[in-house]
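What follows is one structure encoded as structure tokens, with my remarks underneath.
The values are calculated or read from the model by the stated rules, or taken from the named source; none is laboratory data. Please read these numbers as outputs of a predicted model, since none were measured by experiment. Reconstructed Cβ throughout: ideal geometry from the backbone, glycine too, with neighbour counts over all protein chains shown.
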């Protein structure tokens with residue numbers, strides 16, 4: 001388990017916290033593996049709460065790491081896809097609580113949730129084309145979450161305010177920066193866990209979320225850009 005990811009179980013809630021606020025919870029390989037593991041082993045949980053400590057939910061891949069180890073980009077892309085799959089496929093209802101910013105890989109994790117909660121003023125988007133990186137790996141989870149908005153989010157590289165994404169239906173609930181998320185979690189725990197699990201399974205079937213081909217294709221396309229001139 002990564003030292004930058006803390007997993008705690010509180011009755012029927014598994015809390016997965018990104019704990020590297022000094023680098024805005026920028027993702028390394030171990031963090032992504034820990035997130036995937038936390039989701040894939042949460043069969044008994046009713047809710048998974050995914051959150052980031054500090055001023056930002058997640059700034060995406062650790063750019064410093066990519067600069068010193070360019071070959072790690074391929075591994076980060078593959079592990080991000082695995083984390084997104086695990087969050088989408090696990091039976092628990094995943095709630096992402098976004099503050100500050102959810103950028104690129106951080107946005108991918110957020111839109112993998114079943115319930116996307118954002119604090120007012122938060123920003124989400126995929127401004128990675130200028131790094132020579134394709135955000136395609138997030139398409140299997142972004143497209144169902146954002147609908148027609150997904151195409152412009154992926155192609156523009158624009159960063160969007162949470163309020164605008166709430167108006168578009170992508171952010172499901174806006175909270176004030178200091179507003180507790182506990183009432184929402186309590187509401188979700190009032191449901192039948194078995195009924196909630198069954199509902200998510202049917203949604204995933206309609207989305208074809210269990211089809212690895214939908215995830216593997218974007219990973220392969222993104223990895224094909226490694227070490228090309230733009231990325232270097």
Looking at residue 196, is it outside any loop (DSSP other than H, G, I, E, B), closer than 19 Å to residue 89 by Cα, out of contact with any strand residue (DSSP E or B) (no Cβ under 7 Å at 6 or more places or on another chain) and at pLDDT 95 or above? no
How many residues are closer than 17 Å to residue 196 by Cα and surrounded by fewer than 24 Cβ atoms within 10 Å (Cβ to Cβ) when one looks only at region 91-118? 6
Every residue from region 173-193 that is touching a strand residue (DSSP E or B) at 6+ places or on another chain (Cβ under 9 Å), farther than 19 Å from residue 91 by Cβ and part of a loop (DSSP other than H, G, I, E, B): 176, 177, 178, 179, 181
Condition check for residue 32: outside any loop (DSSP other than H, G, I, E, B), modelled with pLDDT of 95 or more and out of contact with any helix residue (DSSP H, G or I) (no Cβ under 6 Å at 6 or more places or on another chain): no
Extreme residue, surrounded by the most Cβ atoms within 10 Å (Cβ to Cβ), among residues of region 143-171 that are touching a helix residue (DSSP H, G or I) at 6+ places or on another chain (Cβ under 6 Å) and either at pLDDT 95 or above or within 13 Å of residue 98 (Cβ to Cβ) (or both): 171
May I ask you to verify whether residue 194 is loosely packed, with under 15 Cβ neighbours inside 10 Å, farther than 16 Å from residue 52 by Cα and free of Cβ contacts under 8 Å to residues at least 40 places away in the same chain? yes
Scan region 206-225 residue by residue and report those that are assigned to a loop (DSSP other than H, G, I, E, B), without any contact (Cβ under 8 Å) to a residue 12 or more places away in the chain and within 14 Å of residue 74 (Cα to Cα). 224
Residues of region 41-79 that turn out to be within 22 Å of residue 177 (Cβ to Cβ) and either assigned to a helix (DSSP H, G or I) or without any contact (Cβ under 8 Å) to a residue 40 or more places away in the chain (or both), as a count: 1
Apart from one, (1) part of a helix (DSSP H, G or I); (2) surrounded by 14 or more Cβ atoms within 10 Å (Cβ to Cβ); (3) under 19 Å from the mean Cα position of the chain (by Cα) all hold for residue 203; the odd one out is (2)
Is it the case that residue 105 is at pLDDT 95 or above and over 21 Å from residue 182 (Cα atoms)? yes
If you take the residues of region 119-142 that are in a helix (DSSP H, G or I) and under 13 Å from the mean Cα position of the chain (by Cα), which of them is surrounded by the fewest Cβ atoms within 10 Å (Cβ to Cβ)? 139
Counting only residues that are closer than 22 Å to residue 74 by Cα and in contact (Cβ under 8 Å) with a residue 60 or more places away in the chain, region 5-31 contains a total of 3
Residue match in region 65-83 (condition: out of contact with any strand residue (DSSP E or B) (no Cβ under 7 Å at 6 or more places or on another chain), under 23 Å from residue 175 (Cα atoms) and at pLDDT 95 or above): no
